[in-house]
Amino acid sequence: MSAPVEVVLCADSAGQLFNCAVFDPHSGSEFLSYRGGNTSSRSLTVLNGEYILGAQLGKNFINVWEIQRKDQLQQKIVCPGIVTCLCASPDGLCVLAGIAEAIYLWEVSEEMGFGHQEILHCFSVEVMKNCVLCFSVVQLDSSRIPEPLHILSRHSLPITDIHCGLMGPQARVATASLDQTVKVWEISSGEMLLSVLFDVGIMSVTFDPCEYFLFCGGSDGNIFQVSLCSTRDKTFQTDSDGNQVFKGHRNLVTCLSVSMDGTLLLSGSNDETVRMWDVQSKQCIWSINHKGPVTNAAIIPAPANMFLADSHPAVPLPRFSRHLNPSEQGDGTSSGGMCLRLGANTQEPEGTYLEKADELYSLMCAVTDKSVFGDGENTKVRVSELEEEVKTLKKINKDLYEFSTQLLTKPN
């Protein structure tokens, strides 16, 4: 049997059967599984076709597996805080993570001693509410504070998902939001090209490779296919021009991905299933049941050595720096870095991380109904866990405040 061209990589929040697994996109049969922990939403990625990286749910580290050694004990990359999103660049030279109110970019360069030195650059950015900030990674310079190329700020409620097309600097970007709209932008100019209004909040979004269609996952479990032939703002309605609905999920759709030929659509949902759809007929080809809400699901090109048991990564996994400044490194290793602050770009007073988390929780409650979160005992248990986590965060916040006060008022 020849190796597949594409594979499905997915994970759920329970992690009972596996942390993440690889499936055949045509039959749904399992190829490989990687065990240990569970991966948080939008934080599963492949680095340079040789490593799988997955941020541990609720913890401050990233699990790592060599892609062809599924039975090995995973390695761990310790981070400065809980990782809420994670991705690697297509060329495998950069890894980006969202941590609390900051975005960290690690550059892994073979020319600069990949695997033997600290990661060369990292920067942080204050997150603006309801906005998308666009930066040029190529033009980052540690000698000055970089500014965002564009600030995409037309959403009125928090953004739930972002998808960038395949055209590099000329790509289009789609943003989904709890304000029940999906907006399409031109990344080179920052101009909004299209806005589509739905009847429900949109939790996930993706393009097909040719960018003829936009696929939007709703909080009601439906997946909406939007034709991009129109260049005017509109309210979504099904028609014969390509605006259609995929029906099957019973809870909000958290992940969407399209195959390279545009014929297959993969979706993951909080109803604990991953489904593969035929785009033309809108029929579900297969469905895989998980033990918890699906946090990550994507169709990816099959790495060349995924199915070669004797292969090994060409270079070892590098050490990821936890700090921006060389003085903060425990071993004194020199490491270039920069800290990007965007206070000048925001007009409203900033709150603490806990205040922003409370505000986001309130917004989520205001725009979703019980069909989003489900009913029954599982919901009660989850609510109890979240309340306990909020209490813990408040205690940590209080302890940090008291410690800072004592430190600042301590006599010399």
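So, Thr235, is that one among the hydroxyl-bearing types (Ser, Thr, Tyr) and open to solvent by 20 Å² or more (accessible area, probe 1.4 Å) or not? Answer is yes for this residue.
Condition test on Asp199, is it open to solvent by less than 60 Å² (accessible area, probe 1.4 Å), over 25 Å from Ser89 (Cβ atoms), at pLDDT below 95 and of a type outside the set (Gly, Ala, Ser)? Reasoning before the result, please.
Working: open to solvent by less than 60 Å² (accessible area, probe 1.4 Å): no; over 25 Å from Ser89 (Cβ atoms): yes; at pLDDT below 95: yes; of a type outside the set (Gly, Ala, Ser): yes.
Criteria not met by Asp199.
Only a single criterion out of (1) assigned to a loop (DSSP other than H, G, I, E, B); (2) at positive phi is not satisfied by Ser27, namely (2). For region 202-218, filtered to residues that are open to solvent by less than 10 Å² (accessible area, probe 1.4 Å) and among the hydroxyl-bearing types (Ser, Thr, Tyr), the residue that is farthest from the chain's Cα centre (by Cα) is Thr206.
Within region 263-305, the residues that satisfy the criterion of being among the β-branched types (Val, Ile, Thr) and either assigned to a strand (DSSP E or B) or touching a residue at least 24 places away in the same chain (Cβ under 8 Å) (or both) are Thr273, Val274, Val279, Ile285, Ile288, Val294, Thr295, Ile299, Ile300.
The values are calculated or read from the model by the stated rules, or taken from the named source; none is laboratory data. Source: prediction; values computed, not measured. Cβ sites come from the backbone with ideal geometry, for glycine too, and all protein chains shown count toward neighbours. Please note that ligands, DNA and RNA were not included when accessible areas were found on the heavy atoms of the full protein model with its side chains. Shrake-Rupley method; radii C 1.70, N 1.55, O 1.52, S 1.80 Å.
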